[in-house]
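A.B. asks: Starting off with a structure, shown below.
The values are calculated or read from the model by the stated rules, or taken from the named source; none is laboratory data. Here the structure is a predicted model, which is why all the values come from computation and not from measurement. Methodologically, a virtual Cβ is constructed for each residue, glycine included, from the backbone with ideal geometry; neighbour enumeration extends over all protein chains shown.
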Amino acid sequence: MNKSDDFLSESTNQQPSSEPASNGHALGEEDTHGVSLSAEVRNALSNDEDVQNTAVQNTAVPDLGIQNKSVHRRKKRAQKPNWYLITVAIGVLLGWAFYTFAWPPLYQSIRVFLQPNRAYFEKGLESPVRELYQTCEYLAVLWFFYLGASIGSFFNVLAGRLPEGRGVVFGGSKCPFCQTRLSFRDNIPIFGWLSCKGRCSTCKLPIAPRYLLIELLVGSLFVLIAGRELFSGGANLPNFNVLMYAGIIWTVFYPKWYLIGAFVYHAMFFATLVMLSVADQEKTRFPWRAVAFFGMVFAVIKLVRLDLNFVRWFDWLPLTSLPIGLLGNALITVVLGGVFGGIFGLFAGRLFPPYVQEKSRTHWLQVSFLTGIVFGWQAVLVTGLGAMLLTWLSVILAPVRKKYPSQLFFGILVSTILVHHMFWRQIDSIIKPLVPF
Ligand SMILES: [Zn+2]
């Protein structure tokens, strides 16, 4: 009880400031000392409530006593277990136990319930092998999550640095308050933030939880895309022979590289979108030079790996491929996608309500351009119109019009593109027959 109290008070006492500018301007020694001292005082009060309640209230709180106590407490803190890390470890273990032992019978009963007429197709695995199989799957999911978290961590740094024109590769991350360079241990995704309990390990001031949240978000995004695109055997990919033997084991442990390549390509695109979202959220302008660089990388990969051109430029048109080879047609697909995305984005920017910020319009244009390169002009059309419709709906339904947040508008666009990717094949198969040919 006492420990959980401490845990709570620590996480609520010092709310991380959302505006580092106002906080960071004059953080001399006095300020930092004040913050840490007040924290210690509050901890001391909440910790020893039952023992020293009367003593603290009745006496006039001698300054010297509390200072001594805080020093004493700091020594004690160093030996305290890190409950953040312990909670994560217990959560991972519980998740493993659930997925390995409880999920298979649960899944079976769900399937019997959903398809009572169909005989249940079991994986045909007996007890020890089945647990091993489930464990492998669980580890694979954890690995994909952590891969996403690592990439999210890197792109999050880029989101802060690129708009300021700072270097990407050189110069490690620094604490925004005391300018101490972060150690290798502090830079480890998720665990770095948890192991120092969201504080700078030198000055103990709170680090914005944005870093942790973005890592968790991109990690979840990777698991979601992997589940839909990779583990399913490509069930969302248009013009693709969906694998008969899907599942994590058959796509990852007996690697189907062409499918893994498609997953990595699309997952990187969504990590780029998250980076743009962070820039949009921070109200900075994401530079066109960086967008051009990412667009070029995505375009070149598509020209080197022709199997990533799932939708070709002539799809949805009463046309066929030109007799200029696969590479020539892929080039048209990529160039047409980028140009169409750019033009569509320009027009879309004009069609938005006036209180959407100019920067957000630019970000929409950048996303539209990249979407055209990665998914083709067809995807620009579907996601652009869909997001436009949803944006106008949200504007009409929003109770306060003048305070319409631009960030919401960007979130709608990115989620529309994500949903489109989840059902890309299905959308394609609905629209294709409508085209007269
Ligand atoms: Zn610091």
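A.B. asks: Hey, does the range 241-251 have a residue that's in the same structural domain as A159 (by TED's automatic domain parsing), closer than 30 Å to W193 by Cβ and either at pLDDT 95 or above or assigned to a helix (DSSP H, G or I) (or both)?
C.D. replies: Within the range 241-251, one or more residues are in the same structural domain as A159 (by TED's automatic domain parsing), closer than 30 Å to W193 by Cβ and either at pLDDT 95 or above or assigned to a helix (DSSP H, G or I) (or both).
A.B. asks: So, in the range 207-239, of the ones that are hydroxyl-bearing (S, T, Y) and in a helix (DSSP H, G or I), which residue ends up nearest to the ligand (Cβ to nearest atom)?
C.D. replies: Y211
A.B. asks: When you go through L327, L336 one by one, which is the residue that is part of a helix (DSSP H, G or I) and farther than 21 Å from F294 by Cβ?
C.D. replies: Of L327, L336, the one residue that is part of a helix (DSSP H, G or I) and farther than 21 Å from F294 by Cβ is L327.
A.B. asks: Right, something else. Output the number of residues of the range 171-206 satisfying the condition of being among the aliphatic types (A, V, I, L, M), part of a loop (DSSP other than H, G, I, E, B) and either in contact (Cβ under 8 Å) with a residue 24 or more places away in the chain or near the ligand (Cβ under 8 Å from one of its atoms) (or both).
C.D. replies: Residues flagged as among the aliphatic types (A, V, I, L, M), part of a loop (DSSP other than H, G, I, E, B) and either in contact (Cβ under 8 Å) with a residue 24 or more places away in the chain or near the ligand (Cβ under 8 Å from one of its atoms) (or both) within the range 171-206 amount to 2.
A.B. asks: Go through the range 109-147 and give me each residue that's assigned to a helix (DSSP H, G or I), modelled with pLDDT under 80 and within 33 Å of the chain's Cα centre (by Cα).
C.D. replies: R111, L114
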